[in-house]
Structures are given as structure tokens and as C-alpha cells.
Amino acid sequence: MKNIKSYPTEEELPPIKTLNEIDFSAIYSYADYMRFEFEERLEIIKGYIFRMSPAPSRMHQKISGRIFNPIYNALNGHQCEVYSAPFDVRLAKKTQDDKEVFTVVQPDLVVICDLTKLDERGCIGAPDIVVEILSPGNNKKELINKYEVYEEAGVKEYWIVSPTHRTFFRYILDENGKFKPTKMLTEGEEVTTKIIPGFKLVLDEVFRD
């Protein structure tokens, strides 16, 4: 009788306890991500590991709160929900199986209107709005790859906020599934969106101090 080689199940795979065990040239899935037991914050974009910036600065946190609160207030009575990092967003392509999900990101803020995408681990599928607040640690490759995966997944609006330059930039998904840029906004201007009726973000308030 032939010996049949058995492979470990997802539950039997050992945990990854230190960052030194990560091979940054290898491909990782969400199943691997769930095995991480170290404190360093990582994201997976198209299977590749990206280090996240260290703990957000005080100003980063303040700006996040100043965007979160108006969204939260505007959503009162609406079906959509808003979440802030740390909050895993899994962008699946073919299947929702953990071993087949190769993009797991933690945007600063997300708005999700299809509540069937929510589970106890976060969001599986494209949020309606993704907000990224730039930090000095953000690299160009990371930002380019995130733009691509958000567009491919069908994120309706992608907001990029720069505390350093006090600017707000927004991409809106068109009917062909491609991001179209809007004009750059800054202090003295306001942001609205069709996704959240009655929402208004005053950039003077966001960037004060």
C-alpha cells in the first residue's frame, strides 16, 4: 500500500511569532496573516508584505477623529457604517477562502453600506469609501499598489489626506470601473459625497492646529 503524504491543515500550521520569520519576497495569504503573533503592523497587497508606519502620530490621530466624527454623525439613521483602524479589509478576487485572499489592508477609515460584507474579523469585499491619511512612512510603491487594488475591487471613493500639505484628494469610481480624480481641496473648502446624504466635511476644521 502506498504511503499517502498528508499536508497540515490551516489549523495545524504553526504560528509566525516574530517578524524575522517573514520572507518579504514570498507570497502570503490571509490564512498566513492570521498566523502572525508579533506586534508589528503589516498589510498584504497582492500577496506581498508591506510594513505599516509606526503608531500614528498625535496629529494623524486627531485628523482621523475629525473625519470620523462628521461621517458617524451623518450616518445616523442610515444603513452604512464607519470603522477606523485597526480594521482588516480583505479584498478577495475569486473566492473568500482565507488561503485565496491575497490583499489585506487596514485603511485609516472605511465606510461600508453593504452590511453583508461585515463579519467578526472585519470586512470582506470593497468598502464604499476608503480613507488613507498619509504618514512620512508611506512609500510610493505602497500607494500605487493600494490605488490599483482599491480600483480593481470596486471601492466607490478613495480619499487621500495629507496632514503635511493640508490637502484632501479624492478618486471616484466611474461607470467603467476606473478611478477619476477630482480637484485637490485644501483649507477653506468643504467635502461632500453622494454616498452619505447630508455629509459635509469642513477642511478648516480637519487641518486646524
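The values are calculated or read from the model by the stated rules, or taken from the named source; none is laboratory data. All values reported here derive from a predicted model rather than from experimental measurement. For neighbour counting, all protein chains shown are included, and Cβ atoms are generated from backbone atoms with ideal geometry for every residue, glycine included.
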Could you please tell me which pairs satisfy a Cβ distance under 7 Å, a separation of 6+ or placement on different chains, a first residue in region 46-64 that is on the phi > 0 side of the Ramachandran plot, and a second residue that is in a helix (DSSP H, G or I) and at pLDDT 95 or above? Lys46/Val149
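Kindly indicate which of Asn138, Asn145 is in contact (Cβ under 8 Å) with a residue 40 or more places away in the chain and either outside any loop (DSSP other than H, G, I, E, B) or in contact with a Pro (Cβ under 6 Å, 6 or more places away or on another chain) (or both).
Values: Asn138 fails: either outside any loop (DSSP other than H, G, I, E, B) or in contact with a Pro (Cβ under 6 Å, 6 or more places away or on another chain) (or both).
When all the criteria are applied, what remains is Asn145.
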Only one of Asp88, Asp128, Asp114, Asp119 is at pLDDT 95 or above, touching a Gly at 6+ places or on another chain (Cβ under 6 Å) and of a type in the set (Asp, Glu), namely Asp88
Looking at Tyr83, Tyr28, which one is part of a loop (DSSP other than H, G, I, E, B), modelled with pLDDT of 95 or more and among the hydroxyl-bearing types (Ser, Thr, Tyr)? Tyr28
Considering each residue of region 154-180, count those that are under 14 Å from Asp204 (Cα atoms), in contact (Cβ under 8 Å) with a residue 24 or more places away in the chain and in a strand (DSSP E or B), and give that number. 3
Mind listing whichever residues of region 72-114 are buried (at least 16 other Cβ atoms within 10 Å of the Cβ), within 22 Å of Asn138 (Cβ to Cβ), touching a residue at least 40 places away in the same chain (Cβ under 8 Å) and of a type outside the set (Asp, Glu)? Tyr83, Val89, Arg90, Leu91, Phe102, Thr103, Val104, Val105, Gln106, Leu109, Val111
Does Gly188 count as surrounded by fewer than 13 Cβ atoms within 10 Å (Cβ to Cβ) and in contact (Cβ under 8 Å) with a residue 12 or more places away in the chain? yes
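Scan region 71-80 for residues that are polar (S, T, N, Q) and outside any loop (DSSP other than H, G, I, E, B) and jot them down. It would help to see each step written out before you state the result.
Just the residues of region 71-80 that are polar (S, T, N, Q), to begin with: 73, 76, 79.
Scanning region 71-80 gives a single hit, Asn73.
Could you please find all residues in region 127-178 being aromatic (Phe, Trp, Tyr) and buried (at least 17 other Cβ atoms within 10 Å of the Cβ)?
As a first pass, look at region 127-178 and keep what is aromatic (Phe, Trp, Tyr): 147, 150, 158-159, 168-169, 171.
Answer for region 127-178, where residues must be aromatic (Phe, Trp, Tyr) and buried (at least 17 other Cβ atoms within 10 Å of the Cβ): Tyr150, Tyr158, Trp159, Phe168, Phe169, Tyr171.
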Scan region 184-209 for residues that are modelled with pLDDT of 95 or more, out of contact with any Leu (no Cβ under 9 Å at 6 or more places or on another chain) and farther than 22 Å from Cys113 by Cβ and report the count. 6
Mind checking which residues of region 93-127 are over 21 Å from Trp159 (Cα atoms) and either in contact with a Lys or Arg (Cβ under 8 Å, 6 or more places away or on another chain) or assigned to a loop (DSSP other than H, G, I, E, B) (or both)? Lys93, Lys94, Thr95, Gln96, Asp97, Glu100, Val101, Phe102, Glu120, Arg121
Within the bounds of region 47-58, is there any residue that is at pLDDT below 95 and either of a type in the set (Lys, Arg) or in a helix (DSSP H, G or I) (or both)? yes
Regarding Glu120, is this residue acidic (Asp, Glu), over 24 Å from Ser25 (Cβ atoms) and crowded, with 18+ Cβ neighbours inside 10 Å? no
